[in-house]
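Peer 1: Before we start, here is the structure in question, set down as structure tokens.
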Amino acid sequence: MQLRRSVLQASLLLTGVVAWLPSGLTAQGQTGVVLGRITDTSTGQPIDGAQVVVVGTNRGVVSNREGAYRIPGVPEGEREVRAINIGYAQATQTITVQAGAAVTLDFTLQSSSSTQSWSTPRVRRP
């Protein structure tokens with residue numbers, strides 16, 4: 001009975017210590033950071049508001065006015081990162097993320113030159 005009680009107390013203590021640790025400390029060894037800049041291919045100007053996502057995860061951000069972005073908590077290993085913005089062709093690059101490290105990944109997006117043509121549907125009356 002005494003042994004059982006000691007094991008239970010030790011278990012509760014360990015659970016309390018783990019719960020007290022900031023979440024970044026417990027996952028720090030398994031994730032890295034992806035950061036970079038997104039610019040327009042033809043002008044070199046930064047692209048504000050582009051979405052940058054790590055494919056297959058829930059990790060993603062939006063670039064700032066300088067075209068810069070930073071995605072923390074990216075799982076280690078080979079990852080596809082995609083940059084998307086309205087008016088531009090999307091771009092995808094493959095990188096290797098190492099635990100506790102930062103990977104710099106810059107994108108240059110090509111302006112979409114395709115134009116859509118809209119037509120008004122005709123209604124035929126019987």
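Read-outs throughout are calculated quantities, based only on the coordinates presented, and are distinct from any laboratory measurement. If you're wondering where the values come from, they're calculated on a predicted model, not measured in any experiment. Don't worry about glycine lacking a Cβ; one is built from the backbone with ideal geometry, like all the others, and counts go over all protein chains shown.
Peer 1: Restricting to the range 39-80, give me the number of residues that are in contact (Cβ under 8 Å) with a residue 12 or more places away in the chain and under 22 Å from Gln98 (Cα atoms).
Peer 2: Here the count works out to 20.
Peer 1: Step by step: first the residues of the range 33-89, then only those that are of a type in the set (Lys, Arg) and not in a strand (DSSP E or B), then the one that is surrounded by the most Cβ atoms within 10 Å (Cβ to Cβ). Which residue is that?
Peer 2: So, considering only residues that are of a type in the set (Lys, Arg) and not in a strand (DSSP E or B), the one surrounded by the most Cβ atoms within 10 Å (Cβ to Cβ) is Arg59.
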